[in-house]
Amino acid sequence: MTPTEGFAALLSEFLIDASERISRIEDALLRLAATESAKQRPLLDVAKRELHTIKGNSGMMGLTELQQLAHTMEDALADADPGAVDVEGLLKQLDGFREQLRLAAVGPAEFGKQPAPAGPVGETETSHDIAGGSVRVPFATLDALIDLLAEVVMLRHRLADAILRGRMLAAGGDTATRSAQAWAEVRFAYEALGGTLALVQDGILRLRMVPLSTLFGALNRLVYDEAVKGGKEVRLDTSGGDTPLDKALLELASDALGHLVRNAVIHGVERREDRVAAGKPRVGRIRLVASVTADEVQIEVADDGAGINREALRRRAVERGIDVEALDDVFSVLFLPGFSTRAEADLSAGRGVGLSAVQDAVHRRGGRIELTSVQGQGTSYRLHLPLSVSIARALLLRVDDEVYALPLTAVVESRQLRPGDQHIVNGAGVLKWRDRVISLLDLGRSFGTAAALRDEGYVVVVEAAGKHRGLLVDKISGIQEIVVKGLDPIVGNPAGISGSTIVGDGRPILILDARTLVELEPFVGTPA
Amino acid sequence: MTKKVLIVDDSILMQRLYDVSLKGYRTHQVQMLLASDGREALSKLAEHPDTDLILLDIHMPEMSGLEVLRQVKNEKAFRNMAVVLVSAEDEEADIQRGLEAGASAYLVKPFTPGELHQLVDRVLAHRDTVRDQP
């Protein structure tokens, strides 16, 4: 299957277009399955029209297999009687279509390129980025940015003029009033410029964002497939679809939400008979609600199903030799690798391995998952992801002569450390904090800039992967928004560091990685 | 002499394919106009009454290509425009209906750039001959 001569350059546009149309057809079919026959006609028409266009376009591109598939599906839909539509069969045909698109994408034009390796959950996105992924940006968005840019240029001139005027007035041995006026103008122009630059920054970072609704089609399909497989009736209600998600996190969010939604259908929602017997509506309901705060995106997946039986879970954990008492909450057992409350043969949910792998992947990218459940009523997962992988608000920390940036999302609390606050236990520094004892990490000692442990300064308590640690520093210089840059691969993966950034005076500084810092062995005694 | 060609198709990809195809057209210089539906098409024609050729997709939501064709043929100002109906189907009945409604030719998808060029040549040549007659 080779594209028509001359049209090959349009292949990626064709693939994107076809893929979007297929999603629309899938959406129409899924809706069809939940609609009464009298109202099905418009949905069938939507599907037919999209198929017709795909047929025409694939034919033009010379992709005859695709054209044929579209033709077959078009015929199947034309013959379909409302009320008796074989949704499952049609969805399978769509899957076949998607497979063909995938093959067309890696076809002759891409000969020699390796397909992205199937890494652990959420990993493959990076390889896509390296291969040069892209985002769609509406012209209106670009135009708005260009308008802002024009304003920046104008304000910069204004600032330059005001500074010049101020200088001239000062040179002319001017009165205090006129000079003050001039400097007020400088200040005004500077602030206006700052404000507009903030808007430009915001606008540019938004270019990386895609709406969460991008994932809803696939999640709807997932719910449908698993419900059919499990002989259940389940409905997925979504809201917050226009919540922005950094494109780099799209795949992670897709994998994580896929697992959580799948868990909800398979383990959460009960079978029809059981639901009715419990006085619940026959159709199980999964709510997906998304929202955004200053630093993160929160997505909740809540089912109205059976909830988790704490006692059964505790018993199972004890059976497996897990020290349940040491855990904050028995539910965290569910995030341990290989754990499952069902028979190991439950292949659909990946034998309970899923949650552990998902949580690891989420932690790796700076997010977390919370779980709450009420037996008999339902279970709710809450996924937290950083809003942007490119920019973050960070605490600037001074240790010896170095400045480091620590993303605020990891910070729980900071307080002064006075001599005597810290205790040495088993050779390591510890501190009484809230009603527990946390171990301290002297950053100067760990990073080799100091020979001795400091006994005063500030402690910044961080949390990552459920663990807490106190970072010992000399000073906290403030909060700043930083643009995150990864480290040059040549540097490798130094423990405790996740990237670098440039601060106001043009100096590059390192960004601390809370996730590895909570695991680091404190250096005590003579360094290696 | 530059020929004005209006493409009417609701698929942006198809519009791009026409664009790529016509870039290789050598017989005349072509100025391409685009419309995504019948209403936009008629409004573009009102702005460009000197349009020479319309490549009109039959299967469009809202106003069908056939309907657009009828309105074009009913409009005195558009009388000299040649209309080619484009369809993904090879239906005999549709072709007949289209030609009876005044289409100059019928183009069935898929077509190659070369096939498009030949068709445009034929249609424009025929039109010019007809127009030169008293």
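Derivation of every value follows stated rules applied to the coordinates shown; laboratory data play no part. Note that the coordinates shown come from a computational prediction; the quantities given were computed from them, not determined experimentally. Glycine also receives a Cβ, built like all others from the backbone with ideal geometry; neighbour counts cover every protein chain displayed.
The chymotrypsin sites (Phe, Trp or Tyr not before Pro) of region A:422-466 include none that DSSP puts in a loop with a beta carbon having at most 11 other beta carbons within 10 Å.
Cα convex hull, region A:21-111: 74 Å³ per residue, rounded to a whole number.
Since only A:LEU245, A:THR64, A:LEU193 are under comparison, the one whose Cα sits farthest along the positive direction of the charge dipole of chain A, derived from C-beta charges on Lys, Arg, Asp and Glu, is A:LEU193. Normalising the average separation of contacting C-alpha pairs (under 8 angstrom, six or more residues apart) by the number of residues puts the relative contact order of chain A at 9 percent.
Tell me, what is the Rg over Rh of region A:238-279, with Rh the Kirkwood radius over Cα pairs? List each step's numbers first, then the result.
Values: Rg = 15.0 Å, Rh = 12.5 Å.
My calculation of the ratio gives 1.19.
The length gained by stretching the chain between A:ASP75 and A:THR516 to full extension, at 0.36 nm per residue less their Cα-Cα distance, is 153.0 nm.
Compute the Cα gyration tensor for region A:447-528, then decide on rounded, prolate or oblate, letting a ≥ b ≥ c be the square roots of its eigenvalues: rounded whenever a/c is under 1.5, prolate when a/b is larger than b/c in the other cases, and oblate in all that remain. Judged from the Cα gyration tensor, region A:447-528 comes out rounded (a/c under 1.5). Summarising the label geometry, the points placed 7 Å from Cα in the beta-carbon direction at A:GLU88 and A:ARG272 lie 1.3 nm from one another. Excluding same-chain neighbours fewer than eight residues apart, the lysines reachable from B:LYS44 by a Cα-Cα span under 25 Å are B:LYS3, B:LYS4, B:LYS23, B:LYS73, B:LYS76, B:LYS109.
Projected label points at A:ALA176 and B:ASP90, each 7 Å from Cα along the beta carbon direction, are separated by 9.5 nanometres. With the convex hull of the Cα atoms taken as the outline of region B:29-134, the averaged projected area works out to 6.9 nm².
Here r is the Cβ-Cβ distance between A:ASN493 and A:LYS432 and R0 is 35 Å; the resulting FRET efficiency, rounded to 0.05, is 0.60.
Could you tell me which of rounded, prolate or oblate describes region B:1-80, using a ≥ b ≥ c as the square roots of the eigenvalues of the alpha-carbon gyration tensor, with rounded for a/c under 1.5 and, failing that, prolate when a/b is larger than b/c and oblate otherwise?
Verdict is oblate for region B:1-80.
Structural size metrics of region A:366-506, computed from C-alpha coordinates, are Rg and Dmax of 17.3, 58 Å.
Report, in cubic angstrom per residue, the convex hull volume of the C-alpha atoms of region A:246-305.
Working: hull volume 4.7 nm³, N = 60.
Spelled out: Cα convex hull of region A:246-305, divided by residues, is 79 Å³.
Overall, the anisotropy analysis places chain A in the oblate class: the square-rooted eigenvalues a ≥ b ≥ c of its C-alpha gyration tensor yield a/c not less than 1.5, with a/b not exceeding b/c.
The calculated FRET efficiency for the pair A:GLU319 and A:SER19, based on their C-beta separation and a Förster distance of 41 Å, comes to about 0.30.
For region A:418-494, GluC sites (Glu not before Pro) meeting the loop criterion (DSSP other than H, G, I, E, B) and having at most 16 other Cβ atoms within 10 Å: A:GLU456. Modelled this way, with points 7 Å down the Cα-to-C-beta line, the labels at A:GLN416 and A:ASN309 are 5.5 nm from one another. Using bins of 5 Å that start at zero, the share of Cα-Cα pairs per bin across region A:171-311 amounts to 2, 9, 14, 14, 11, 9, 7, 6, 5, 4, 4, 4, 3, 3, 2, 2, 1, 1, 0, in whole %.
If R0 equals 45 Å, the separation of the Cβ atoms of A:MET168 and B:ASP128 corresponds to a calculated FRET efficiency of about 0.05.
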